[in-house]
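Every number in this text was worked out from the coordinates using simple rules, so none of it is lab data. Only a predicted model underlies this, so the values are computations on that prediction, with no experimental measurement involved. Glycine also receives a Cβ, built like all others from the backbone with ideal geometry; neighbour counts cover every protein chain displayed.
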Amino acid sequence: MRELGQICLVLSLATAGYAVAASLLGARRLSAGLIQSGRNAVYATTALVLTAGASLIYLLVTDRFDALYVVQNSRAAMPVQYKVSALWGGMEGSLLLWAMILGIYSGVVAYQNRRRHPALMPYVHAVCMVTTGFFVSLMLFSANPFLPLGFTAADGQGMNPLLQNPAMAIHPPNLYLGFVGFTIPFAFAVAALVTGRLDTTWLHSTRRWTIIAWLFLSIGIILGAQWAYVELGWGGFWGWDPVENASLMPWLLATAYLHSVMIEEKKQMLRVWNVLLIIATFAMCIFGTFLTRSGIVSSVHAFANSNLGPMFAIFLALVLAGSLGLVAYRLPELKSEGKLDAVLSRESSFLFNNLVLVVACFAVLWGTMFPVITEAITGTQMTVGPPFFNRVNVPIMLLLLLLTGVGPLIAWRKASLPSLKRAFATPTATGVVTLGTMFYLGVRDFATVMAFALAAFVTATILQEFWRGARARGSATGEAFHRALVSLTWRNKRRYGGYIIHIGIVCMAIGITGSSSFQRETQATLLPGQTVDFAGYRLQMGDLELYDSSGVQVVSAELLVFQDGEPKFRMWPQRHFHPGPEVQPTTEVAIWSNMRHDLYVVLAAWDLDRGSATFKAYLNPLVKWIWIGGLVLVFGTVICMLPDRSAEVGARNY
């Protein structure tokens, strides 16, 4: 199987190269035969990279310890699901996963459009295959997952225990599905620039592809935050780590793009802006992949130092030079037909939203790369930590919340003062009441007060939109309110699905604000039977145990938790020690959660002879709302992706 995987990689590079040549030559000569041959080569490349991936999975699952990658990333005692996830647990396998996903996307888009967009598709195939060829080349010449070990080892080193977590098993594939997915709209944008077909055809063709990529990237980010929360034992879920930031930056740009294309479709505006946004999104995906593999940043998420950094840098430079050169060449044809009629208009609010998202991306990029830049210039690395990111991004988050609530209330083209008064009355009153309530409860931090007030404002705005729409439909059709509400959403999926996504964002904003503003913590060393009072709970230590579980040494401490003098539940914070060339410890956090807060306990230290243990306890308010918000966001996105009854209905949703 190792030889089969290697052969498939070599052949896939050949078929990808042939697909590029045949597609470009076919487009130039207007040869349907060559174009079809190029498309068939895309299918062949997809089949070959998938076969290579299946070969590596087979080697991992069957414990083929004569393969170097298997020895480095798997062990015989690992559960099967983690042997499969070892495919992306190492750098070489993660590159193969990138190529596999792009192969699937390329094959599907080729088949889906085999009879459509004949002028665009050869160039779409070429861009997809150039990108696939780049990743296959990296594997063949620098990071080959099919290298032999030279002998058969007794066992492997195993995957990093921190990665042996259910959320982490599905977090990287979702990120890759997002990162790789943006190749498709980028390829269509390049095709439109090359051919000069700069109407909205390429936007319509890639809308769902973009939403799918954005959805997977969103899920990946949320799962990554959840993994960090339960696995790292520091009481938080987002530490502004460079690799965390690498996933956030393309998400911010893609969010701006998804909002911005609606203006082009509705008003024929922002053509240059939209092309630049999708180029920047794809470039940021490549940049994020570069960050995790170059060794220029230090991160628990990054792979070890490698020689891939310069290759990624060259590829990224070529992508930017080529695509921006095309934009410059087509600039006269990209001039917008429409114009901004008034500052007080929905177009204007969308534009401000775009600018704020791009500024947020730049701020995160600057903070991420500042240590690298200072080290290159001065020789000394200056660290930029969470305080910088929080200080810069909290005002940006507040402004985004405000614009999220304002946008639906303002009419297209130009809003009149009377209509604004009617639209803003209830949401503004709701926000003001919430602000007053926060002050009454003793909250004085400006950012916290404004975050909750704006969350209430946005929620009221969206509920008002649903109420008015359902009431109007019910009056027109005679449907009961609940039926009218469902019908309204079903017939206007893009608009009302977007509103549901915004509700999810509000829930997440509430969770982020509550956990960061009101978090409490304590530390105590206890003997069995001793107690400590914390945040309305009394924690009583029980037994301290050391035992073996499937070859992993476990230190476990029991805590009985009382509330109002009554025993409520038990918690078992633990430390695990995984065998390997070096014993690897992991923290297993004990979490008790409800809608109001999480009680989060870490076993920080212990003395088995005395039977004592030191605990770090955190009270994290409203954290559950982050995960609820993520589910709501996914639900709303799925609604947005569902097809409308007709193009006419879809047009009204913009």
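When all alpha carbon pairs of the stretch 1-159 are counted in 5 Å bins from zero, the resulting P(r) reads 2, 11, 19, 19, 15, 11, 9, 7, 5, 3, 1, 0 %.
Only aspartates and glutamates eight or more places from Lys267 in sequence, or on another chain, were considered; those with a Cα closer than 20 Å are Asp199, Glu333, Glu337, Asp341, Glu347, Glu648.
The peptide list 376-386, 152-162, 208-218, 92-102, put in order of mean Cβ contacts within 10 Å with the highest first, becomes 92-102, 208-218, 152-162, 376-386. The slack in the chain from Asn40 to Leu642, taken as 0.36 nm per residue of separation less the alpha-carbon distance, amounts to 213.8 nm. Taking a straight line from the alpha carbon of Lys624, these lysines sit under 22 Å away, with near neighbours fewer than eight places off in the same chain left out: Lys568, Lys616. The Leu4 and Ala313 beta-carbon pair, evaluated with R₀ = 30 Å, returns a calculated FRET efficiency of approximately 0.40. This ranking places Thr489, Thr426 by how few other beta-carbon atoms lie within 10 Å of each, fewest first, which gives Thr426, Thr489. Each Cα pair under 8 Å and six or more residues apart adds its separation to the average, and for the stretch 192-305 the resulting relative contact order is 23 percent. Simple spin-label estimate for Asp199 and Ser31 gives 3.0 nm between the two label positions (7 Å along the Cα-to-Cβ direction from each Cα).
Computed from label points 7 Å out along Cα-Cβ, the spacing between Val486 and Ala328 is 5.7 nm. In summary, the lysines within cross-link reach of Lys266, defined as a Cα separation below 29 angstrom excluding same-chain residues under 8 places away, comprise Lys335, Lys339, Lys414, Lys421, Lys493. With the cut-off at under 16 Å, measuring from each backbone N in the stretch 1-39 to a point 7 Å along the Cα-to-Cβ line of Thr152 picks out 1-3.
Between Leu527 and Met382, full extension at 0.36 nm per residue minus the direct alpha carbon distance yields a gain of 47.9 nm.
Highest average first, the peptides 617-626, 230-239, 579-588 ordered by how many other beta carbon atoms sit within 10 Å of their residues are 617-626, 230-239, 579-588.
Can you tell me what the convex hull of the Cα atoms of the stretch 520-624 projects to on average, as an area in nm²?
Directional mean of the projected Cα hull area for the stretch 520-624 stands at 7.3 nm².
Using C-alpha pairs under 8 Å with a sequence gap of at least 6, the mean separation divided by the residue count of the chain gives a relative contact order of 10 percent. Take every Cα pair under 8 Å whose residues are at least 6 apart in sequence, average their separation, divide by the length of the stretch 165-365, and the relative contact order is 25 percent.
Each stretch of four or more DSSP H residues adds -39500 (n - 2.57); spread over every residue of the chain, this sum gives -22000 deg cm²/dmol at 222 nm. With each pseudo-label sitting 7 Å past Cα toward Cβ, what's the Val359-Ser593 distance in nm, one decimal? Going by the 7 Å Cα→Cβ label model, 3.4 nm. Exposure proxy ranking for Glu333, Glu558, Glu244, based on other Cβ atoms within 10 angstrom of each Cβ and starting from the fewest, stands as Glu333, Glu558, Glu244. Cα centroids of the stretch 104-136 and the stretch 36-61: how far apart, whole angstrom? Using only Cα atoms to place each centre, the spacing works out to 15 Å.
In terms of packing, defined here as the mean over residues of other Cβ atoms within 10 angstrom, the peptides 125-135, 268-278 line up highest first as 125-135, 268-278.
Wrap a convex hull around the Cα atoms of the stretch 335-392, take a quarter of its surface area, and give that in square nanometres. Directional mean of the projected Cα hull area for the stretch 335-392 stands at 6.3 nm².
Specify whether the C-alpha gyration tensor of the stretch 433-510 places it in the rounded, prolate or oblate class, a ≥ b ≥ c being the square roots of the eigenvalues: rounded for a/c under 1.5, otherwise prolate if a/b is larger than b/c and oblate if not. Can you show the working numbers first?
Values: a/c = 4.59, a/b = 2.37, b/c = 1.94.
Prolate is the answer for the stretch 433-510, as a/c is 1.5 or above and a/b outweighs b/c.
Inverting the pair-averaged 1/r between distinct Cα atoms of the stretch 165-365 gives 17.8 Å as its Kirkwood hydrodynamic radius. Taking only the C-alpha atoms of the stretch 195-268, the Rg (one decimal) and the largest Cα-Cα distance, Dmax (whole number), read 16.5, 53 Å. Over the stretch 3-44, the pair-distance histogram of Cα-Cα distances with 10 Å bins from zero comes to 35, 42, 17, 6 percent, rounded to whole numbers.
Put the Cα centre of the stretch 332-391 next to the Cα centre of the stretch 449-523 and the gap is 27 Å.
For the chain, the spread of Cα positions along the three principal axes, ordered from largest to smallest, is 82, 75, 58 Å. Of the residues Ala77, Ala472, Gly630, the one whose Cα sits farthest toward the positive end of the charge dipole of the chain, with +1 on the Cβ of Lys and Arg and -1 on the Cβ of Asp and Glu, is Ala472.
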